[in-house]
1. Carbon-plus-sulfur fraction of the accessible area of the chain, 1.4 Å probe, in percent?
2. Just how large is the dipole of the chain about the Cα centre, in debye to the nearest 20, putting +1 at every Lys and Arg Cβ and -1 at every Asp and Glu Cβ?
3. Residue by residue through the range 460-469, which ³J(HN,Hα) values in whole Hz follow from phi under the Karplus form 6.51 cos²θ - 1.76 cosθ + 1.60 (θ = phi - 60°), with glycine and proline marked x?
4. Per-residue HN-Hα couplings for the range 159-166, Karplus 6.51 cos²θ - 1.76 cosθ + 1.60 at θ = phi - 60°, whole Hz, x for Gly and Pro?
5. In Å², and per residue, what accessible area does the chain have when probed at 1.4 Å with the other protein chains present?
6. Express as a percent, rounded to the nearest 5, the fraction of DSSP beta bridges in the range 145-258 (both residues included) that run antiparallel.
7. D224's amide H: which non-local residues (gap 5+, or another chain) put their own amide H closer than 5 Å, with H modeled 1.01 Å from N in plane and none for Pro or chain starts?
8. If you add up the charges near C298, with Lys and Arg at +1 and Asp and Glu at -1, over every other residue whose beta carbon is less than 12 angstrom from its beta carbon, what do you get?
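The values are calculated or read from the model by the stated rules, or taken from the named source; none is laboratory data. Keep in mind that this is a model prediction, so the values were computed, not measured. Glycine gets a Cβ as well: all are built from the backbone with ideal geometry, and neighbour counts include every protein chain shown. Accessible surface is based on the protein model in full, side chains and every heavy atom, while ligands, DNA and RNA are left aside. Shrake-Rupley method; radii C 1.70, N 1.55, O 1.52, S 1.80 Å.
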Amino acid sequence: MKDGLEREPMKAGAVAGRIVVVGNGMAGSRLVTAIRDRDRDVPLTVFGAEAEQPYNRVLLSNVLAGVAEPGSIGLVDPAWYEANGVDARLGVEVVAIDRERKIVRAADGSETPYGTLVLATGSTAFVPPVPGTRDGKDGGLPDGAIAFRTMDDCRAIVAAAEGARTAVVVGGGLLGIEAARGLVGRGLDVTVVHMAGHLMERQLDPGAGRVLARTLRRLGIDADLDATVTALEVADGRVRGVRLAEGTREADVVVMACGVRPDVALARDAGLTVERGVVVDATLTSVNDPDVRALGECSQHDGTVYGLVAPAWEQAEILADLLTGADPDARFTGARQITRLKATGVDLVSMGETHHGDDDPEVEVVRFTDAGRGTYKKVAIRDDRVVGAILLGETGTAGTLTMLYDRAAPLPSDRLGLLFPGVGAATEADSPVRMPDAATVCQCNNVSKGRIRACWEDGARTVEEVCARTRASTGCGGCRDTVEGIVGWLADQDAVPTG
């Protein structure tokens, strides 16, 4: 309200009425802050099923490992909502949508009307329906068995690990590896049980999977591959291990990291079009209700559900532009998916098509392996463009490859520079001097080198100040070293005498 009396006229294209956001995770909280960045007055309500402030789910493994406190990974301070005129219902779950009356009904009995409804309900942990998974209280997991998805899950795992000696992590994908690394950091003997023939099979080829398994063994993590859990072993209401086809593996703690599923129950019950996710168009609008939008892991655009933070935050910025009228022509046209894993002893970047082999005549594969040092590097090239890459153990050229992959830019003739920093002509993103201002430094938040430079010129003089202003490195954290390099280079430039 202007002077507490009247609103400024709405921008062309802005939506009318209250915006209600259901879900206050990484996508929902980013949308809320992005809307307020553009419009201070639009009525805005956000519901969050979790009672605490939104947090960076990517960094939960650091909390699990004990190297970060829960409060240190928060995204929006609770005081921010009141200061910015946002009606925040933290710890209040929405249980129904009445599209005809245009209201949402919450578990506390309240009804909230909306002009535009945004679903940002994210995903839920998948627990395979094997014997033992419904042997706990209220038909849930038994004591000592925990799904790994939320901060409460993280706290439960930490509590279960106290006094425990052994743990089994069911699932060798990204989340499972993060959970295993965290448990090892707390002194447990950890085994990852994985159905596929190699770890992280969606992001890695078999060669990289083998090197990763060897790296994990050095860190104290064993891997049972091609292994299917047929039941949880439970006694007196507490988990005792997992049953496999070849026998039982005892464990004091079992972490279920078997993947996630889009949380679309609310949308489906409301009659919205749902396939894997809520089906939306390029404006992130439900295909059968113009007053409902969806973003993040619960949405499906052009047949794809994006399970990474960078696409979700890109969608949040686009949707904020559309809802406030800041850019009525903004459209989501899809995103390239880049996976990062950065934990103590494990550094990994994977992007695009990673499974090409040497027998594909249409694809050039450049590869280097040093299993003893835990290093595996691979770049897949088609029509002189990077279509996929894996960097494990040594990720010095991640900036170059990300830029080339993201832009589908032509490659230098010397391919070694794609694998090794400082070699050949493919190093423009590895040195702040050669990196163009348009180069993307932080993929999660779409922060360019030019934006970091502008932030520096505007008075930011530390990495922390630059990150706070641009949000660089606040997603997966994989770009932190690059941000530090750019800030250091800018500081050196300022120190050079000019006359």
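1. 47
2. Roughly 400 debye, rounded to the nearest 20.
3. So the J values, rounded to whole Hz, are 5, 10, 10, 4, 4, 5, 4, 5, 5, 7.
4. Result, rounded to whole Hz: 5, 5, 6, 5, x, 7, 10, 10.
5. 43
6. About 40 percent, rounded to the nearest 5.
7. Counting only residues 5 or more places away or on other chains, the set is V192, V193, H194.
8. Every neighbour counted, the sum reads +1.
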